[in-house]
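For reference, the structure discussed in these notes is given below.
FYI, it's all coordinate maths here, none of it is from the lab. As the structure is a computational prediction, the values presented were derived from the model and not from experiment. Here the Cβ positions follow ideal geometry from the backbone for every residue, glycine too, while neighbour counts run over all protein chains shown.
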There are 2 protein chains.
Amino acid sequence: MPADHGILYVVGIGPGAQAHATPAALAAIADAEVIVGYVTYVKLVSHLLAGKEVVRTGMTEEIGRARAAVERARAGAKVALISSGDAGVYGMAGLVFQVLRDTGWRRGEAPELRIVPGITALSACASLVGAPLVHDFCAISLSDLLTPWALIERRLEAAAAADFVVGLYNPASGRRTRQIVEAQRILRRHRPGTTPVALVKSAYRKLEHAVLTDLDTFLDHEIGMLTTVLVGSTSTYVFEGYMVTPRGYGNKYTADGEVRPGQRPGHSLVVPEVE
Amino acid sequence: MPADHGILYVVGIGPGAQAHATPAALAAIADAEVIVGYVTYVKLVSHLLAGKEVVRTGMTEEIGRARAAVERARAGAKVALISSGDAGVYGMAGLVFQVLRDTGWRRGEAPELRIVPGITALSACASLVGAPLVHDFCAISLSDLLTPWALIERRLEAAAAADFVVGLYNPASGRRTRQIVEAQRILRRHRPGTTPVALVKSAYRKLEHAVLTDLDTFLDHEIGMLTTVLVGSTSTYVFEGYMVTPRGYGNKYTADGEVRPGQRPGHSLVVPEVE
């Protein structure tokens, strides 16, 4: 490729605060001539944009945003398409590949792709409420704008039944309020009403707000587009206002670090025949 | 609390390369007088450790590591307990709370807790192979050292049946080789053998190695303790050597961004009665 070939950085800037954006993400933005992003995310990095062309678009214009970024980079510009969190987790990375495919792009052609990972909303939110994601978890988006509700329901049911910690993205919006009620109903069928639930809004941003509540009553709190909902597994507990999912050390070791009778370090957990 | 009260930072340093550790993580390490961590992770930040006391421990000494960190911080030191990836995702954060609970700690007492999120192995690995995690996914650890295999199996079955993208942590080790074979068998019952699978080892470290393969043949490749396995959903496709899970825009919009007949932007996806 020529020296002036286009580059498309697909960048996750993390939750929003500068302290949680990686050097790699900042370097990509610094190197770019053109920044493309949803207006709210562009604002989060506004201090880095002097002298750059900025293409801001609205929330529902994801396809236009991806197309604009690909087209400018294909024409030779260095472009950073930014997502909050990680661009690869419910972010713009998927759409970039869809647009590249639709336009017949081949690997080796311009633009060169550079995907820069970021801190996910799940990680950011979890860090504010304790350690809810220390064992197996699922991420499920409740938005049925692009996904059939029947599939979302099937995933909720499976995650609930198999005792995953569940992180719910896009739980509700102004118009979309039914899905989180359905999700509560499905999870409640499989878990006690006392199961810990955390609601985290705008993690590491100005209006950050975290609530620790439970499966029976979390719908009494405000839940909107900027809320991430973390629902504990049946092992998750609350300790001094923190939400914690144990990794399972207690199955094998005592509090003093002694191996429990019948167990061996480095070997499969021995489960009693009759429980 | 007095000015000299202890602080316990629980820090995720991301995949390893400096470019992917956040300013917040680096600031925590810089502020700490004592660094506690598994020897491999301590090495990743060795350039930041001048003048600090370093407590390195082996892989299987997680409980001792957490206890050492809590005890030193409780006694008044500023301590950083470091994990690779995110300390809250299969990391040390859970064990810290277990130790705090066992020792009768109360919120407001020393040490003060500060959990610093990091880029997860899932995000790091995904960014190297494309955009596999753009829609609903599960994280499952195949280690049965602390978790009954029956529960792991139940989660694999649920995740496979409900068509989640699946990220497998701890897929195998020298002694533990049966679990990944079982996981393949379970996933294969629900998905075609051509389902894309990515194996990523040591993402963003010196020995980084990524392979894009499929569900039928991925066991032919080397899989060890440092490998993360990403298994696509039935929607995941391979494009120009990248692994991509679509978000679902194609359900509602044409490649030109036109709304498909019968669909409305901002409203639930309309699924035909008969498919």
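Counting only other chains, and only Cβ atoms inside 10 Å, what mean value do you get across the residues of A:244-254?
Averaged over the peptide's residues, the number is 6.
HN-Hα J couplings of segment A:191-203 from phi, Karplus 6.51/-1.76/1.60, θ = phi - 60°, integer Hz, Gly and Pro as x?
Once θ is set to phi - 60°, the couplings for segment A:191-203 become 9, x, x, 7, 3, x, 10, 10, 10, 10, 10, 6, 3 Hz.
Between A:Phe137, A:Ala80, A:Ala150, whose Cα lies farthest towards the positive end of the dipole of segment A:1-154 when Lys and Arg beta carbons carry +1 and Asp and Glu beta carbons carry -1, centred on the Cα centre?
Of the options given, the answer is A:Ala80.
HN-Hα J couplings of segment B:142-157 from phi, Karplus 6.51/-1.76/1.60, θ = phi - 60°, integer Hz, Gly and Pro as x?
Values per residue, Gly and Pro as x: 8, 6, 9, 5, 10, 10, x, 4, 4, 6, 4, 4, 4, 5, 4, 4 Hz.
Name the long-range amide H neighbours of B:Tyr169: under 5 Å, sequence gap of 5 or more, or other chain; modelled H, no Pro or chain starts.
The answer is B:Ile140, B:Ser141, B:Leu142.
What is the local net charge at A:Arg247, summed over the other residues whose Cβ is closer than 11 Å to its Cβ (Lys, Arg +1; Asp, Glu -1)?
Taking every other residue near A:Arg247 into account, the sum is -1.
For segment B:153-210, what is the charge dipole size about the Cα centre, in debye to the nearest 20, if Lys and Arg each add +1 at the Cβ and Asp and Glu each add -1 at the Cβ?
240
Compute the angle between helix A:178-190 and the longest alpha-carbon principal axis of chain A, please, reported from 0 to 90 degrees and rounded to the nearest 10.
30
Could you tell me the relative contact order of segment B:1-140? Use alpha-carbon pairs under 8 Å, at least six residues apart, and round to a whole percent.
Contact order relative to length: 38 percent.
Among residues other than B:Leu49 whose Cβ falls under 15 Å from its Cβ, what is the net charge (Lys/Arg +1, Asp/Glu -1)?
Summing Lys/Arg as +1 and Asp/Glu as -1 gives +1.
Return the equivalent ellipsoid semi-axes of segment A:29-160 as a descending list in whole Å, where each equals the square root of 5 times an eigenvalue of the C-alpha gyration tensor.
For segment A:29-160, the semi-axes come out at 29, 19, 14 Å.
Let me check against my output: what whole-number percent is the relative contact order of segment A:175-275, with C-alpha pairs under 8 Å and at least 6 apart?
In percent, rounded to a whole number, it is 21.
Quick one: which residues, 5+ away or cross-chain, put their amide H under 5 Å from the amide H of A:Val54? H built at 1.01 Å from N.
It is A:Ile35, by chain and number.
Under a plain spin-label model, where a point goes 7 Å from the Cα along Cα-to-Cβ, how far apart in nm are B:Asp216 and A:His267?
3.9
Near the amide H of B:Ala131, under 5 Å away, which other amide H atoms are found, from residues 5 or more places off or on another chain, if H is placed in the peptide plane?
So B:Ala131 has HN proximity to B:Met243, B:Val244, B:Thr245.
Determine the shape class of segment B:1-76: with a ≥ b ≥ c the square roots of the Cα gyration tensor eigenvalues, call it rounded for a/c under 1.5, and otherwise prolate if a/b is greater than b/c, oblate otherwise.
It comes out oblate by the Cα gyration axes.
Which whole-Hz ³J(HN,Hα) couplings does segment A:215-222 yield from phi under the Karplus relation 6.51 cos²θ - 1.76 cosθ + 1.60, θ = phi - 60°, glycine and proline marked x?
Per-residue couplings from phi come out as 5, 6, 10, 5, 6, 6, 9, 5 Hz.
Where the centre of each part is set by its Cα atoms, how far does segment B:198-275 sit from segment B:110-157, in angstrom?
Comparing the Cα centres of segment B:198-275 and segment B:110-157, I get a distance of 17 Å.
What does the structure give for B:261-269 when I average, per residue, the other chain Cβ atoms found within 10 Å of the residue Cβ?
Counting Cβ atoms of other protein chains within 10 Å of each residue's Cβ and averaging gives 4.
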